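Remarks on the structure that follows.
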Amino acid sequence: MLGILPYARSGLAAALIALMPAGAGAQDAFKEFKQLDTTAKMPKLNAFIAPGTAPEGTKLHSVALEAKLTAAGDAVQDGLSWYVFSPVAGSDGKLPLIASSQGGSADFQLAPGDYFVNVSFGRAGVTRKLSVPEDGAVEKQTMVLEAGGLLLNAVSGSDVRIRPDQLSFSIYSADVRDDGERGLVMADVPPNTVVRLNAGTYHVVSEYGDTNASVRADIQVEAGKLTEATIQHKAAQINFKLVSDKGGEAIADTAWSILTAAGDSVGESVSAFPTMVLAEGEYSAVARNKDKIYQRDFKVEAGKNTDVEVLMQDVQPEQGPAATTLQQLPPEQQGQAQSTLAQPQQPLPSFEQLQGGASGNGEDSD
């Protein structure tokens, strides 16, 4: 597995994941970056109560709720989604939504009874059963999310920055299911974006380009902390062009195939000047133009973006006539042809033998 570099405010260096301080410091850090809100879209109203959920004349009780990232932390002031459900399923088999709220702490007016309360912070969330008595006040409810944030970036080689539009991350659970797959938590996460998650270990896949540059890493998210990880790709961006002379203009109407050293195709394009991101290794570039095929071997080094020119003199070698004839024979005749080709040919007679009328056995004829 390839390494993970830390994200540092002064640059990209060192060899560990940097962690932000817990508590309010972590919440402030969440605001510094673009947030990826993945909660279900609900009405953005404070303490929204679904109409008709409380019988007329019922005495309502005030229920105050707050959420913390950790038990010892401060209450979260923003980014929370609150949902209050009835525990009795409706005719559609779903629990009816009684009330919802967006923002920080919430204050609901609820009739006596039992409820399920869910609070979400991005992908992190927790659910608790709540009982509202007929009489008396309800104590303030504090829900601990045990959540943190994950911010991902990547470099090529040791320190070459990658354009954000060339990067994408997918986050999976660390556990492998019975079918051998991991549960997808979130796909297509852009770089420099905070994803709010429950504390735990996650399996992250970083995609650089859309060819074969992919890196996997397990990353730990701690409650109350913002984990910033920079993944190191062993890859580079390669530009291809078919030219008549070195440094010449790219020739149009060219079809490209990029092959690994083992001959497997990893990318194709029809362009005069295609660009591909390739993992470190050895490859062959095959260019087709006007029924001619040109080929050049090249090597990709991590972080070294470069151009690969295929010259029109680099014509791919063709098969010899003997091999072509053998392939065109019927199967039943191929064995005979191979046997004939394998037999050693008799040496031609020497000049002395020709002049003396030699019979080929080394003796003079009478």
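The values are calculated or read from the model by the stated rules, or taken from the named source; none is laboratory data. Here the structure is a predicted model, which means the values were calculated and not measured. FYI the Cβ positions are ideal-geometry reconstructions off the backbone, even for glycines, and counts take in every protein chain you see. The area values use the complete protein model at the heavy-atom level, side chains included, leaving out ligands, DNA and RNA. Shrake-Rupley method; radii C 1.70, N 1.55, O 1.52, S 1.80 Å.
Descriptive notes on the structure:
- Ligands, DNA and RNA left out, the accessible area of region 84-159 computed with a 1.4 Å probe is 47% carbon and sulfur.
- All other residues whose Cβ lies under 11 angstrom from that of residue 86 are scored, Lys and Arg at +1 and Asp and Glu at -1, for a net of 0.
- Rounded to the nearest 10 square angstrom, residue 309 shows an accessible area of 40 square angstrom against a 1.4 Å probe.
- 31 Å Cα-Cα threshold exceeded, pairs from 234/290; 225/299; 68/234; 129/225: 234/290; 225/299; 68/234
- Accessible area per residue for region 155-226, computed on protein heavy atoms with a 1.4 Å probe, is 47 Å².
- Gyration tensor (alpha-carbon) shape descriptor, region 108-250, a/c threshold 1.5: prolate
- Charge dipole (region 128-253, unit charges on Cβ, about Cα centre) - positive-most of 132, 252, 157: 157
- Region 203-265 - percent of accessible surface contributed by carbon and sulfur, probe 1.4 Å: 39 percent
- For the listed peptides 219-231, 117-129, a ranking on the average number of other beta carbons within 10 Å per residue, highest first, reads 219-231, 117-129.
- Dipole size of region 246-312 about its Cα centre, with +1 on Lys/Arg Cβ and -1 on Asp/Glu Cβ: approximately 180 debye, rounded to the nearest 20.
- Computed from phi, the 3J(HN,Hα) profile of region 269-280 under the Karplus parametrisation 6.51, -1.76, 1.60 (θ = phi - 60°) reads 7, 10, 6, 6, 9, x, 10, 9, 9, 10, 5, 4 Hz, with x in place of Gly and Pro.
- Fraction of the pair-distance distribution of region 255-313 above 13 Å, Cα-Cα pairs, percent: 60 percent
- Using alpha carbons only: equivalent-ellipsoid semi-axes of region 114-155, gyration tensor based, whole Å: 34, 9, 5
- Size of charge dipole - region 127-200 - debye, nearest 20, with Cβ of Lys, Arg +1 and Asp, Glu -1, no other charges: 260 debye
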